[in-house]
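Student: After the structure tokens below, expect a handful of questions from me.
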């Protein structure tokens, strides 16, 4: 499966984030008979978040398979299928349930290529609905990007737009190694331009969503949109924020972040996962070690999730993760030298 | 007979202390009562004062070593006394080990000519990075810029939190102007044109002191800036740290729209709070004097002494024509006649002085902001604020210095000052005695500082 290039003159056509993912899976099922979908209730029910939708009607239950309520079992079948030549996409109902399948993801899928001297690979894609904001409480709202990003052998992507959701899923399918894709639940309904046909968004490449010279914000998934809203308000005060959409957590696009910090001298990392030992910690450390260090004109700030399980109470749930005003105020303090 | 300096017992249950830092070097002159070294015990850190005046002939205990109580650490010799090559009791060290003892001895022997006395002659010696002073607080970007341009960070004023030096503070330092200090950097550091809601902190510069003692905070007057303090700073010497904050809409401080004297003062109090200094000597001139009195009233415990030079806030009269004349002038020729009204002798204001002052005021936005400020503070040529009540509450050493020939604010306003304020009326001085007669102003100020540094119960 070679990577066809993106079609730049494709018509402006809007799809939701979940439609974009469904379209990507449909294209893959059409194009490559090795592609199979697995997961709980992804068939007739259409998936916990209705992402697979009607795919079972189009491609049949042999290729869109409902698996039993055992994440460990389902993930194990997917890893085994990938090892023996298929290209499975395994959907978790909630990324939280991936905790049940850690053995297969971390100890099997991520290790096979290394342990078998490159003789085998595990081209599996794990799709994980993630994040808070839906009132699903502590066991259905977590953000585990950093967990999986910590495992060599895995690639971790986190699209923030419908276009990238499709592009990154197709890139994940083309990748010979296991890829974990985090899909933020609040983004599923978000609409945006999605090019037709097969294209890929490169794994490991970030995107600059807004150019600015005063502060760099590195964010991912829903936080990109919150950062954009905060930047819009700050622009009215003359503060120009540059926003980097991480897109991939592993590998991380160090060059882009370093380049931006060299320009602005100020860095704010915004992520939904728990703040301590999170993505922002990695980015801060990377900047401290890089040539961008000499360009830092303020301490690096991190905004992350609270050091607590995500609460059910809607107000507390909001308070537990960075919101637009938090981002706005942190970026303002950075720009105004208040930190 | 030399005077021996011992490590004193400063704690009830103390048997040894860490000699943290020397404030003098071998060969230097020291005044009785001046800070000699710092000691740290398990509980406290404090300065030890010189027991006598004279030359520090020998320092026999190195900084960083633990010294038993009562041990001799230095010898002070009278001015005309012969200093022998070796100290009377030999060198000592604490429990730093034999090898380090040896090293310490060598070090003491090798520094008979410390660099400090040589630097003392220079105006800016206070900014020298003495070996004991901490690294300046600066961002990595500022350090990189300083390395690149060869700027000494010890001489750069930091505008960030806690005086942190930012990259652009270093940038401003680079274009070294050949003109007077007043002009340096001003044309480069143009104030922001958008002055609607600028929350940038007020400009502040700090010059390190060579000895201990509370820092001095200088607040300039209307339409002036921090550079006007240069003559007085020279006269005050370099013992104490000197901090200068520029008023809003002045110098390098942001141009902000201010609605009242109270708001104006609040901005200054905020800058004052950011200083991170326990106590300091507050000095203000003219409008800065009124601001200083207000700060002293709001933060009394942080003021060691208050010195006001021709302060505003003690009466309604003020020469509004001169204020507006200065604020509006767009050329040296139109500025000079107004500046001359500030001095007792008009010829004290040279053409070069006026030119330098004009160059510092080239920004039309700055002038507009100051005119607006004058409208608010001095409507109809009247002082709209009264600080006599605030001054009456001052309970630290308090002096007022005024020029007898002041044509902007009449010295008789000083008669409304409270009982505790000492008044010094200087002849041959107008509204700017700190520029016209800096030594004569420094004298009472230094006395005020000294009194302010004596513990209250011993005054």
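The values are calculated or read from the model by the stated rules, or taken from the named source; none is laboratory data. Note that this is a predicted model, so its numbers are computed, not measured. Cβ sites come from the backbone with ideal geometry, for glycine too, and all protein chains shown count toward neighbours.
Student: Mind checking which residues of segment A:45-69 are assigned to a loop (DSSP other than H, G, I, E, B) and within 25 Å of residue A:187 (Cβ to Cβ)?
Tutor: Within segment A:45-69, A:45, A:46, A:47, A:48, A:49, A:50, A:51, A:52, A:53, A:54, A:67 meet the criteria.
Student: Just the residues that are within 19 Å of residue B:425 (Cβ to Cβ) and surrounded by fewer than 17 Cβ atoms within 10 Å (Cβ to Cβ), please, taken from segment B:297-353.
Tutor: B:317, B:345
Student: Exactly one condition in (1) away from chain B (no Cβ under 14 Å); (2) assigned to a helix (DSSP H, G or I); (3) over 19 Å from residue A:255 (Cα atoms) is not met by residue A:333; state its number.
Tutor: Every condition holds for residue A:333 apart from (1).
Student: Please determine whether any residue of segment A:93-110 is in a loop (DSSP other than H, G, I, E, B) and free of Cβ contacts under 8 Å to residues at least 60 places away in the same chain.
Tutor: Within segment A:93-110 (the criterion being in a loop (DSSP other than H, G, I, E, B) and free of Cβ contacts under 8 Å to residues at least 60 places away in the same chain), the answer is yes, since at least one residue qualifies.
Student: Any residue at all in segment A:185-193 that's over 20 Å from residue A:224 (Cα atoms), assigned to a loop (DSSP other than H, G, I, E, B) and touching a residue at least 24 places away in the same chain (Cβ under 8 Å)?
Tutor: Looking for residues that are over 20 Å from residue A:224 (Cα atoms), assigned to a loop (DSSP other than H, G, I, E, B) and touching a residue at least 24 places away in the same chain (Cβ under 8 Å), one finds none in segment A:185-193, hence no.
Student: May I pose another question? Name the helices (runs of 4 or more DSSP H) wholly inside segment B:355-447 in which the number of residues that are assigned by TED's automatic domain parsing to the domain that holds residue B:247 and within 24 Å of the chain's Cα centre (by Cα) is 3 or more.
Tutor: Of the helices (runs of 4 or more DSSP H) lying wholly inside segment B:355-447, those with at least 3 residues that are assigned by TED's automatic domain parsing to the domain that holds residue B:247 and within 24 Å of the chain's Cα centre (by Cα) span B:433-436.
Student: Among the numbered conditions (1) within 30 Å of residue B:148 (Cβ to Cβ); (2) within 13 Å of chain B (Cβ to nearest Cβ), tell me where residue A:302 comes up short.
Tutor: The failed condition is (2).
Student: A further question on this structure: Among the strands (runs of 3 or more DSSP E) confined wholly to segment A:200-296, which include 1 or more residues that are under 22 Å from residue B:145 (Cβ atoms), within 14 Å of chain B (Cβ to nearest Cβ) and more than 19 Å from the chain's Cα centre (by Cα)?
Tutor: Because the criterion is at least 1 residues that are under 22 Å from residue B:145 (Cβ atoms), within 14 Å of chain B (Cβ to nearest Cβ) and more than 19 Å from the chain's Cα centre (by Cα), the strands (runs of 3 or more DSSP E) in segment A:200-296 that meet it are A:215-219, A:267-274.
Student: Now for a different question. Could you tell me whether segment B:127-142 includes any residue that is away from chain A (no Cβ under 14 Å), under 19 Å from residue B:64 (Cα atoms) and either buried (at least 18 other Cβ atoms within 10 Å of the Cβ) or modelled with pLDDT of 80 or more (or both)?
Tutor: Yes, segment B:127-142 contains a residue that is away from chain A (no Cβ under 14 Å), under 19 Å from residue B:64 (Cα atoms) and either buried (at least 18 other Cβ atoms within 10 Å of the Cβ) or modelled with pLDDT of 80 or more (or both).
Student: Given the conditions (1) surrounded by fewer than 18 Cβ atoms within 10 Å (Cβ to Cβ); (2) at pLDDT 80 or above; (3) outside any loop (DSSP other than H, G, I, E, B), which single one is not true for residue B:57?
Tutor: Evaluating residue B:57 over (1) surrounded by fewer than 18 Cβ atoms within 10 Å (Cβ to Cβ); (2) at pLDDT 80 or above; (3) outside any loop (DSSP other than H, G, I, E, B) leaves (1) as the failure.
Student: Taking the conditions exactly as written (in contact with a helix residue (DSSP H, G or I) (Cβ under 8 Å, 6 or more places away or on another chain) and at pLDDT 85 or above), does residue B:366 satisfy them or not?
Tutor: So residue B:366 does not fit the description; no.
Student: If residue B:200 satisfies all but one of (1) within 14 Å of chain A (Cβ to nearest Cβ); (2) modelled with pLDDT of 90 or more, what's the number of the condition it fails?
Tutor: (2)
Student: Among the residues of segment A:305-330 satisfying the criterion of being free of Cβ contacts under 8 Å to residues at least 12 places away in the same chain and part of a helix (DSSP H, G or I), which is farthest from the other protein chains (Cβ to nearest Cβ)?
Tutor: Looking at residues that are free of Cβ contacts under 8 Å to residues at least 12 places away in the same chain and part of a helix (DSSP H, G or I), I get A:316.
Student: Kindly provide the set of residues from segment A:149-182 that are within 11 Å of the chain's Cα centre (by Cα) and either closer than 19 Å to residue A:278 by Cβ or at pLDDT below 95 (or both), ordered by number.
Tutor: Hits for segment A:149-182 are A:149, A:155, A:156, A:157, A:158, A:159, A:160, A:180, A:181, A:182.
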